[in-house]
1. Check off (1) open to solvent by 10 Å² or more (accessible area, probe 1.4 Å); (2) in contact (Cβ under 8 Å) with a residue 40 or more places away in the chain; (3) touching a helix residue (DSSP H, G or I) at 6+ places or on another chain (Cβ under 9 Å) for residue 28 and give me the number that stays unchecked.
2. Every residue in the range 86-139 that is among the β-branched types (Val, Ile, Thr) and either at pLDDT 95 or above or assigned to a strand (DSSP E or B) (or both), please.
3. For the range 33-85, which residues satisfy the criterion of being within 15 Å of residue 117 (Cβ to Cβ), of a type outside the set (A, V, I, L, M, F, W, C) and not in a helix (DSSP H, G or I)?
4. Would you pick out the residues in the range 140-174 that are under 27 Å from residue 34 (Cβ atoms) and not aliphatic (A, V, I, L, M)?
5. Kindly list the number of the only condition in (1) open to solvent by less than 50 Å² (accessible area, probe 1.4 Å); (2) farther than 18 Å from residue 77 by Cα; (3) touching a strand residue (DSSP E or B) at 6+ places or on another chain (Cβ under 9 Å) that fails for residue 62.
6. Please list, ordered by first then second residue, the pairs with beta carbon atoms under 7 Å, 6 or more apart or interchain, first in the range 124-139 and open to solvent by less than 40 Å² (accessible area, probe 1.4 Å) and among the charged types (D, E, K, R), second outside any helix (DSSP H, G or I) and at pLDDT 95 or above.
7. Hey, among 34, 96, 91, 47, which residue is of a type in the set (Asp, Glu), under 17 Å from residue 166 (Cβ atoms) and surrounded by fewer than 21 Cβ atoms within 10 Å (Cβ to Cβ)?
8. Could you look through the range 140-155, keep only residues that are surrounded by fewer than 16 Cβ atoms within 10 Å (Cβ to Cβ) and in contact with a His (Cβ under 9 Å, 6 or more places away or on another chain), and pick out the one that is modelled with the lowest pLDDT?
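The values are calculated or read from the model by the stated rules, or taken from the named source; none is laboratory data. Since the model is a prediction, treat every value here as computed from it, not as a measurement. Heads up, the Cβs are rebuilt from the backbone with ideal geometry, glycines too, and the neighbour counts pull from every protein chain shown. Note: accessible area is taken over every heavy atom of the protein model, side chains too, but ligands, DNA and RNA are not part of it. Shrake-Rupley method; radii C 1.70, N 1.55, O 1.52, S 1.80 Å.
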Amino acid sequence: MPTLLAITGSPSPHSRTAVVADHVLRRLSHAGFDTAHLAVSELPAADLLAARRGVPELRRALEAVAGADGVIVATPVYKASYTGLLKAFLDVLPQDGLAGKTVLPLATGGSLAHVLTLDYALRPVLAALGARHVTAGRFVLDSSVERGSGPDRLRPEAELDLFQAVDEFADAVRAAAAPAPALAP
């Protein structure tokens, strides 16, 4: 069974980005994947900034990325780009840290003016880290994430759009994990 890891780069522990990532992981878990969530904000900041890969928390995070068949990279958009926190973590990954992996980029933000962050800021970094396949990402407006007295949820139209990308990602991960057909003699 393929293993999937969501990496969230929000500095806030209760961010809309985490809500979106958890929503995605629930759907993928129900589809039969083993899932895990890595919130970069929970890693020791000084060790992350100093790239101390041998520190147990960072070593476990890097091992989680290495062991995943597919990776979801989710970030809020600040100043027209992904967060510095996410950048610090991506910088700690080895140069080929996403080699052979299928990756789904996700972003959240307050305005559609930032939707190109996925293609012009995040996708090139994921490709540079060796991702085998970066699937079509999704941008989720902050206003589409409803938080309050009940459980956090996405507005139905945002959920449908997001789940289309998630299903395409799941299909790509399954295809990559499938054994290659035997060649005829």
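1. Here residue 28 meets the rest and fails (1).
2. Residues satisfying the conditions are 92, 102, 103, 108, 125, 134, 135.
3. The answer is 75, 76, 78, 79, 81, 82, 83.
4. 151, 152, 153, 159, 161, 163, 164, 167, 168, 169, 171, 174
5. Here residue 62 clears every test but (3).
6. 138/106
7. Going through 34, 96, 91, 47 in turn, just one is of a type in the set (Asp, Glu), under 17 Å from residue 166 (Cβ atoms) and surrounded by fewer than 21 Cβ atoms within 10 Å (Cβ to Cβ): 34.
8. 147
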